[in-house]
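Have a look at the structure that comes next, please.
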Amino acid sequence: MKAVCWERTHHVAVEDVPDPSILNPRDAIVRITSTAICGSDLHLYDGFIPTMQAGDILGHEFMGEVVEVGTGVSNLQKGDRVIVPFPIACGRCFFCTHDLWSCCDNSNPNAALAEKLYGFSGAGLFGYSHMMGGYAGGQAQYARVPYADVGPFKVPATLTDEQVLFLTDIFPTGYMAAENCDLTGGETIAVWGCGPVGQFAIRSAFLLGAKRVIAIDTVPERLQMAVDGGAETLDSLHDDVFERLKDLTGGLGPDACIDAVGMEAHGAKADYWYDKAKTMTFMATDRASALRQAINSCRKGGVVSVPGVYGGFVDKVPLGAAFNKGLKLRMGQTHVHKYLPRLLQHIEKGDIDPSFVVTHTVSLDSAPEMYRTFRDKKDGCIKVVMKPH
Amino acid sequence: MAVATEQRIDPTLVRSQPFGWHESEDINSQVNVGRIERWMSLIAGGVLAAYAIKRRTAGGGMAALAAGELMYRGATGHCHLYQALGVNHAEGHAFERGTGVIADRGSDTRRRLGGRRGIHVEESVTVNRPIAEVYRFWRDFENLPRFMRHLESVAIREEGVSHWAAKGPAGTRVEWDARIINDVENKVIGWQSLDGSTVATAGSVNFAETSHGTAVRVHLQYNPPAGKLGSTIAWLLGEEPGLQIREDLRRFKALLETGEIPTTEGQPSGRTARTRR
């Protein structure tokens, strides 16, 4: 089959590889009909996530048709149309049974690697480094899906791939980011980053009762998409974000701040160049200007919610500001399984149509070019969907 | 069995171990062997005993005696040699209970793992299954090779006695017989190799109910003898014995909780493509 393989930093290639097979009783094989490039794939592309190996198959946002099931899978049949959550979760451990699916205790065969860096290992993830399990990803024609009796989620034929594909990651990720803001109705939320996760965070915040969302980015078409979603916008290249947020909130600051940027933040300020220098000299791994600004801007007693991915170490985090303002910090890989039923309902009821985020639909062969385009935010690129067949 | 035919024992090693089983009036007041070390003493004792059985010679007899002491030490926490030398590895290690992972990392451990004092490993894992099920699964020793990677097979011979086979380097194999020396349902299982078996080893596993499932604490103990058998044992355990047992327990937990062991072996990648061409 064809698969998108990570070769080295800034280099992916479409390779001809063997088809996947059932390796464990609870596995299934899915023939992939649609697969997306995620912003977090760019962290792999840019070499920010350790333990990638040349030849690793990328991709963790995919859906398709079940073509084979293992002996331990009784709830799926050949021909079922499913979306596949990006965290691989066993459904039986303490964490899975407490709705903490991305903290699954059993799904990472390389947990020892992750433990060295993080103390404990989270769930295995599709196509996201050996430290995260080394699972072959879904930017391919077929994928093996472990624990297929708890992961894959059947979707109705009445909805298109583009309407349900983002249930695998970015919609629940944006939704969990908003849910973590403890909304009770009427709040003002600021969202750093108007990429796909930011877009879903904006819309989810409204679904959960926020009155206003202020979206922050530098890319015009992304800011426009945020406006389309009902947000007010700030351009962080030209606006003094902290002062503007104060102005817009009557001097109070936003009730909650969402960092939908993560470890590769861009910025024009001194702290960006400081991070850049430190990461280039291997003295730090992550650049965190968005996180710093979110912590500084948040109102007292508010929430800073972090759906943006961080992988290692961050310098100059204003923990004093967080502490003295009594902030709550919420973060983590998304517990996708937990959110699927309610988010599918929102889609079916027409509350949201996630296909709005797609700007590029291409074949798998275009992956190398599309990684570049997406990374450079060229050609108005916000979300790439690939069709492997 | 290839391994067991031509080992030698380092006489200095044998001499350095106190011989024989000794009576202790009050064991509890005399615990001077570290927790992890106790576990290793048990296994090492087993390994050595197995060696001794194989060689029914004077050297073998010495090894058997050393094996006995090691296992005694592991089981009771009291080492006569340590007492004689004034060494107490038990002090200051109370925090190790249930956290063998951390305790294993210190330089102190590295020192203890090397040389003649034997190898102890203690690791813990919490399994999200009822205690009775977890106990029963372990109590059937034939299940152990399903998650202990270095074990090839365990066959139950008669009540309380089992025959163990482990993989050695380059297709070799080490075998020994063990018997259950302690068995309290849903609490503890302890075993040690039979006197005079090729390998002197011992182990125990404790079960405790917690709010998160069943906490399982495993002690294993062995003493790598000199010579080829010693290097086989060292090979089996790897550079960090704690790490290997930790991985075994991870598989144990996965097997009980999910019915399978997570793997990516056999999946496609761009690497398989290249080797094919």
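The values are calculated or read from the model by the stated rules, or taken from the named source; none is laboratory data. The shown structure was predicted, so the numbers you read here are calculated from the model rather than taken from an experiment. Cβ placement follows ideal geometry from the backbone for every residue including glycine, while neighbour counts extend to all protein chains displayed.
Conditions (1) in a helix (DSSP H, G or I); (2) modelled with pLDDT under 95; (3) surrounded by fewer than 24 Cβ atoms within 10 Å (Cβ to Cβ), marked per residue:
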site: A:Gln163; (1), (2), (3): yes, no, yes
site: A:Thr173; (1), (2), (3): yes, no, no
site: A:Ala178; (1), (2), (3): yes, no, no
site: A:Cys181; (1), (2), (3): no, no, no
site: A:Gly185; (1), (2), (3): no, no, yes
site: A:Gly198; (1), (2), (3): yes, no, no
site: A:Ser204; (1), (2), (3): yes, no, no
site: A:Ala215; (1), (2), (3): no, no, no
site: A:Arg222; (1), (2), (3): yes, no, yes
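What about A:Val155, is it among the β-branched types (Val, Ile, Thr), surrounded by 24 or more Cβ atoms within 10 Å (Cβ to Cβ) and within 23 Å of A:Val385 (Cβ to Cβ)?
Spelling it out, it is not the case that A:Val155 is among the β-branched types (Val, Ile, Thr), surrounded by 24 or more Cβ atoms within 10 Å (Cβ to Cβ) and within 23 Å of A:Val385 (Cβ to Cβ).
Scan the range A:96-103 and tell me whether some residue there is crowded, with 23+ Cβ neighbours inside 10 Å, modelled with pLDDT of 95 or more and in contact with a Cys (Cβ under 6 Å, 6 or more places away or on another chain).
Yes; the residues of the range A:96-103 include at least one that is crowded, with 23+ Cβ neighbours inside 10 Å, modelled with pLDDT of 95 or more and in contact with a Cys (Cβ under 6 Å, 6 or more places away or on another chain).
Moving on. Filter the range B:162-202 down to the residues that are of a type in the set (A, V, I, L, M) and exposed (fewer than 15 other Cβ atoms within 10 Å of the Cβ), then identify the one that is farthest from B:Val216 (Cα to Cα).
By that ranking, first place goes to B:Ala170.
Please tell me if A:Asp105 is without any contact (Cβ under 8 Å) to a residue 40 or more places away in the chain, within 13 Å of chain B (Cβ to nearest Cβ) and of a type in the set (Asp, Glu).
In short, yes.
A further question follows. How many residues are without any contact (Cβ under 8 Å) to a residue 24 or more places away in the chain and either assigned to a helix (DSSP H, G or I) or of a type in the set (S, T, N, Q) (or both) if we restrict to the range B:172-181?
Matching residues across the range B:172-181 total 0.
A follow-up question, please. For the range A:1-119, which fully contained strands (runs of 3 or more DSSP E) count at least 1 residues that are under 24 Å from A:Gly151 (Cα atoms)?
Counting at least 1 such residues, we get A:2-8, A:28-37, A:61-69, A:81-84.
Are any residues in the range B:247-270 of a type outside the set (D, E, K, R), surrounded by fewer than 20 Cβ atoms within 10 Å (Cβ to Cβ) and over 16 Å from A:Gly134 (Cα atoms), and if so, which ones?
B:Leu255, B:Gly259
Take the range A:1-30 and flag every residue that is more than 13 Å from chain B (Cβ to nearest Cβ) and either surrounded by fewer than 18 Cβ atoms within 10 Å (Cβ to Cβ) or at positive phi (or both).
Of everything in the range A:1-30, those that are more than 13 Å from chain B (Cβ to nearest Cβ) and either surrounded by fewer than 18 Cβ atoms within 10 Å (Cβ to Cβ) or at positive phi (or both) turn out to be A:Thr9, A:His10.
Report whether or not A:Glu115 is in contact with a Cys (Cβ under 6 Å, 6 or more places away or on another chain), at the interface with chain B (Cβ under 10 Å from one of its Cβ atoms) and charged (D, E, K, R).
no
Another question, then. Sort out which residues of the range A:323-346 are buried (at least 17 other Cβ atoms within 10 Å of the Cβ) and farther than 21 Å from A:Ala205 by Cβ, and write them in order of number.
Scanning the range A:323-346 gives a single hit, A:His337.
Can you pull out the strands (runs of 3 or more DSSP E) entirely within the range A:309-389 that have at least 1 residues that are charged (D, E, K, R)?
Strands (runs of 3 or more DSSP E) meeting the threshold: A:328-331, A:384-387.
For the range A:134-164: of the residues being within 21 Å of A:Leu76 (Cβ to Cβ) and among the small types (Gly, Ala, Ser), which is nearest to the other protein chains (Cβ to nearest Cβ)?
Residue satisfying both the conditions and the ranking: A:Ala136.
Among (1) among the β-branched types (Val, Ile, Thr); (2) assigned to a strand (DSSP E or B); (3) within 21 Å of A:Ala288 (Cβ to Cβ); (4) out of contact with any Pro (no Cβ under 7 Å at 6 or more places or on another chain), which single condition is A:Val261 missing?
Against the list (1) among the β-branched types (Val, Ile, Thr); (2) assigned to a strand (DSSP E or B); (3) within 21 Å of A:Ala288 (Cβ to Cβ); (4) out of contact with any Pro (no Cβ under 7 Å at 6 or more places or on another chain), A:Val261 comes up short only on (2).
Can you find, within the range A:45-60, the residue that is farthest from the chain's Cα centre (by Cα) among those that are under 25 Å from A:Val164 (Cβ atoms) and within 14 Å of chain B (Cβ to nearest Cβ)?
Checked the range A:45-60; the qualifying residue farthest from the chain's Cα centre (by Cα) is A:Ile57.
Mind checking which residues of the range A:224-237 are assigned to a helix (DSSP H, G or I) and buried (at least 22 other Cβ atoms within 10 Å of the Cβ)?
Hits for the range A:224-237 are A:Met225, A:Ala226.
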